[in-house]
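The values are calculated or read from the model by the stated rules, or taken from the named source; none is laboratory data. Since we're looking at a predicted model, the values are computed, not measured. Virtual Cβ from ideal backbone geometry, glycine too; neighbours counted across all protein chains shown. We work out accessible area using only protein heavy atoms, side chains counted, and drop any ligands, DNA or RNA first. Shrake-Rupley method; radii C 1.70, N 1.55, O 1.52, S 1.80 Å.
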Amino acid sequence: MEQNDYDVLGGTDQLRPIKMWTRGVPVEPEAKEQLSKLAQLPFVFHHVAVMPDVHVGKGSTIGSVIPTLGAVIPAAVGVDIGCGMMAAKTTLRADDLPDNLGKLRSAIEQAVPHGMSPKTRKARGRDTGSWDKPLPAADAGWARLKDEFDEICRKYPKLRHANHYKHLGTLGSGNHFVEVCLDEENFVWLMLHSGSRGVGNAIGTHFIELARQDMRRHMVNLPDQDLAYLEEGTQHYDDYVEAVGWAQKFARINREVMMQNLIGAVRSVIRKPFETHVEAVNCHHNYVQRERHFGKDVLITRKGAVSAREGELGIIPGSMGARSFIVRGKGNPESFNSCSHGAGRVMSRTEAKRRFTVADQERATRGVECRKDEGVIDEIPMAYKDIDAVMHAQRELVDVVHTLKQVVCVKG
């Protein structure tokens with residue numbers, strides 16, 4: 001390993017160093033300022049690790065790894081709790097795909113509900129997918145979640161009204177997606193990106209507000225109100241750790257249910273028998289869990305970052321039209337065994353819509369069967385960092401196992 005494969009961001013008010021794997025990748029000044037505020041908190045342990053896809057987020061930068069002792073920051077975990085990726089290699093080859101990929105895309109869109117709620121989609125004249133139909137595999141998934149959710153709702157009854165069971169097996173909107181990809185040997189992979197959906201949003205929002213109330217009650221002075229935290233030993237802390245753990249479990253099962261339905265959709269179009277889950281990865285990139293680092297048991301919050309312990313497989317997707325990667329972690333202790341969760345945005349969704357056109361989107365996604373309309377311009381590849389530069393900046397964090405190129409992409 002190189003002696004210095006990262007840069008250190010300094011600041012006069014910082015209590016902890018900030019180590020950044022961002023060489024050759026642009027980092028906005030606002031993101032650096034946000035990181036410096038985070039590093040002022042007294043319960044941040046050892047240092048903050050920054051991944052090459054870093055950009056401004058709510059609470060803390062996306063693309064950061066935050067170790068804490070005795071406290072947790074709900075807004076750093078965010079409201080898309082447990083958001084992450086799942087990918088499965090199949091025994092299908094490129095030649096097994098139909099000439100008309102539009103039929104395959106349509107089957108996937110019907111099997112995996114995506115985008116807005118059915119009512120909103122119908123009002124806008126858009127297909128609802130299978131939102132209004134029973135979802136295969138959802139019942140079994142919910143059976144693994146229901147009892148623990150009932151206990152959480154006993155303490156926080158409002159959460160029972162959040163979208164939970166009916167969102168299990170649904171994709172969502174924004175940068176969530178389903179893709180059919182080809183690897184370097186022309187094997188077909190199935191890949192998807194989603195999290196804990198409406199119920200995760202409700203849990204995150206609720207505890208972010210509780211943390212802010214606690215800060216006001218105890219007159220805690222913060223560099224940013226979105227860094228409001230819950231202290232270990234309090235009821236809110238214990239309840240949050242329980243609820244966020246459940247939401248992360250929901251997210252993982254949500255991806256499993258969607259993958260089952262995705263495989264079923266592919267089988268409905270491709271009649272050739274095939275096996276899948278030959279190599280399967282299901283990993284979070286917005287989550288918190290207890291880990292041991294530098295001799296201490298700490299809470300690690302990965303906000304837009306993936307666990308990359310030595311030998312551990314992970315997924316780093318590119319943008320629409322760009323390559324994605326199945327990676328194996330190197331277990332770099334300075335990064336808290338972490339790597340980036342994607343390419344990272346270089347501009348806001350509003351700016352992307354202002355700057356680019358449908359024609360730009362069509363050119364950027366040539367060769368990919370996907371939506372090419374004004375509703376997805378905010379996801380245009382040019383709104384993201386160069387994935388090759390991002391991968392080069394973190395070459396001491398992961399090794400590339402497979403390089404994937406999408407041929408079908410379903411966006412919410």
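The table below lists the values:
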quantity	calculated
Residues of segment 17-35 satisfying the condition of being touching a residue at least 60 places away in the same chain (Cβ under 8 Å), open to solvent by less than 30 Å² (accessible area, probe 1.4 Å) and closer than 20 Å to M382 by Cα	T22, V25
Answer residue from segment 206-219, given it is within 27 Å of the chain's Cα centre (by Cα) and either of a type in the set (K, R) or surrounded by 15 or more Cβ atoms within 10 Å (Cβ to Cβ) (or both) and is farthest from L41 (Cα to Cα) among those	H206
Positions within segment 54-79 being open to solvent by 10 Å² or more (accessible area, probe 1.4 Å) and closer than 26 Å to A389 by Cα, in sequence order	H55, V56, G57, K58, I62
Matching entry among F177, F187 (being over 26 Å from G375 (Cβ atoms) and among the hydrophobic types (A, V, I, L, M, F, W, C))	F187
Qualifying residue in segment 239-261 (condition: assigned to a helix (DSSP H, G or I), under 18 Å from R302 (Cα atoms), of a type in the set (D, E) and out of contact with any His (no Cβ under 9 Å at 6 or more places or on another chain))	yes
Members of segment 118-164 found to be assigned to a helix (DSSP H, G or I), acidic (D, E) and modelled with pLDDT under 95, listed by number	D139
Members of segment 239-255 that are closer than 18 Å to G70 by Cβ and either at pLDDT below 95 or buried (at least 21 other Cβ atoms within 10 Å of the Cβ) (or both)	Y240, V244
Pairs with Cβ under 9 Å, 6+ apart, first in segment 348-370 and farther than 26 Å from A31 by Cβ, second small (G, A, S) and at pLDDT 95 or above	E369/G102
Of residues in segment 220-238 being modelled with pLDDT under 95 and assigned to a helix (DSSP H, G or I), the one surrounded by the fewest Cβ atoms within 10 Å (Cβ to Cβ)	Q225
Strands (runs of 3 or more DSSP E) within segment 307-412 that include 2 or more residues open to solvent by 20 Å² or more (accessible area, probe 1.4 Å), out of contact with any Gly (no Cβ under 6 Å at 6 or more places or on another chain) and among the hydrophobic types (A, V, I, L, M, F, W, C)	398-411
Residue within segment 222-234 that is touching a Gly at 6+ places or on another chain (Cβ under 9 Å), closer than 24 Å to H164 by Cβ, in contact (Cβ under 8 Å) with a residue 40 or more places away in the chain and not hydroxyl-bearing (S, T, Y) present	no
Given (1) of a type outside the set (K, R); (2) under 28 Å from L168 (Cα atoms); (3) touching a Gly at 6+ places or on another chain (Cβ under 8 Å), number of the condition M86 does not satisfy	(3)
Qualifying positions in segment 165-176 - open to solvent by 10 Å² or more (accessible area, probe 1.4 Å) and either under 18 Å from A265 (Cα atoms) or not in a helix (DSSP H, G or I) (or both)	S173, G174, N175, H176
In segment 256-291, the residues that are open to solvent by 10 Å² or more (accessible area, probe 1.4 Å) and small (G, A, S)	G264, S268, A280
Options K89, K103; residue that is closer than 24 Å to C409 by Cα and surrounded by 21 or more Cβ atoms within 10 Å (Cβ to Cβ)	K89
Check on M51, of a type in the set (A, V, I, L, M, F, W, C), in contact with a helix residue (DSSP H, G or I) (Cβ under 6 Å, 6 or more places away or on another chain), open to solvent by less than 50 Å² (accessible area, probe 1.4 Å) and outside any loop (DSSP other than H, G, I, E, B)	no
